[in-house]
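Below: one structure, written as structure tokens.
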Amino acid sequence: MKATRLLGIIFNKATDNFPVSSSLTDILVSLTEALRANSKETKFKLYLVQAIGEIMIFIAGRTSDNSLVPGFTYQLIGRCLKDGDDTALNHAACKIIENLLLVADKQADKLATSDIALALWNIVSTVGNNEHIRASALAALCHMGLSYLDVVQSVFDKVTIKGDIFQSTSSKVLQYNITLLAILAKRTKNRTMFIQVKHVE
């Protein structure tokens, strides 16, 4: 467990001199398999996800080759968003998606799906007063909206935006809410229709 946490710290602090090679794929495969095999070890799962995220972000910042990250690693990050019993895991997954989209959105192609966008919005809608997780989920949606607008738009075509999204004690959450609505309104082809249909209830 300590080794996994240390691995995440190493890649968080790694410099450009650290080589990007297929050995990183092997590390991700091992970590992802460990994550899948330890579904009940809450703290270990969190450390695994954090280490996986640091390696993914390290790769994204140094190469456009997203084949270095195994497909099932992306899938498990998506599943971590939907684990309703583990908000810490939800938060870690949100941060990975947010940072990947911020560092290199092409590396986030496999996470920029309507299923992921809906999972992020569900977190925003269901975590109650946990403003840190809400802010991370909203930040990820904002970054996704800038690069993959159609994906985010497809989700908001199906959900209801309620007035209580503006009732937050966190200025960061409020800022992200307004930014997300602005992205959707500004870049939607028919702005009038967006305002009429997605009015705040």
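The values are calculated or read from the model by the stated rules, or taken from the named source; none is laboratory data. Since this is a predicted model, take the numbers as computed values, not measurements. Cβ: placed from backbone, ideal geometry, glycine included. Neighbour counts: every protein chain shown.
Can you pull out the residues in the stretch 61-73 that are within 14 Å of Leu35 (Cα to Cα) and part of a loop (DSSP other than H, G, I, E, B)? Spell out how you get there, then give the answer.
If we filter the stretch 61-73 for residues that are within 14 Å of Leu35 (Cα to Cα), which is where we start, we get 70, 72-73.
Pro70, the sole residue that qualifies.
Being assigned by TED's automatic domain parsing to the domain that holds Pro19, hydrophobic (A, V, I, L, M, F, W, C) and free of Cβ contacts under 8 Å to residues at least 24 places away in the same chain narrows it down to one residue among Ala37, Ala60; which is it? Talk me through it step by step, then tell me what you get.
Working: Ala60 fails: free of Cβ contacts under 8 Å to residues at least 24 places away in the same chain.
Within the list Ala37, Ala60, the selection yields Ala37.
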Completion exercise
Checking Val124, Val159, Val69 in turn, the sole residue that is among the β-branched types (Val, Ile, Thr) and more than 30 Å from Lys40 (Cβ to Cβ) turns out to be Val159
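Can you go through Leu102, Leu46, Leu89, Leu76 and tell me which one is touching a Cys at 6+ places or on another chain (Cβ under 6 Å) and either outside any loop (DSSP other than H, G, I, E, B) or over 26 Å from Leu141 (Cα atoms) (or both)?
Values: Leu102 fails: touching a Cys at 6+ places or on another chain (Cβ under 6 Å); Leu46 fails: touching a Cys at 6+ places or on another chain (Cβ under 6 Å); Leu76 fails: touching a Cys at 6+ places or on another chain (Cβ under 6 Å).
Unique residue meeting the criteria: Leu89.
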Practice task
Collect the residues in the stretch 143-199 that are modelled with pLDDT under 80 and of a type in the set (Asp, Glu), keeping them in residue-number order.
Solution key: Asp164
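Would you call Phe18 of a type outside the set (Lys, Arg), modelled with pLDDT of 70 or more, in a helix (DSSP H, G or I) and over 16 Å from Ser67 (Cα atoms)?
no
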Problem - Residues located in the stretch 121-141, provided they are at pLDDT 90 or above and either hydroxyl-bearing (Ser, Thr, Tyr) or not assigned by TED's automatic domain parsing to the domain that holds Leu184 (or both) - result: Ser136
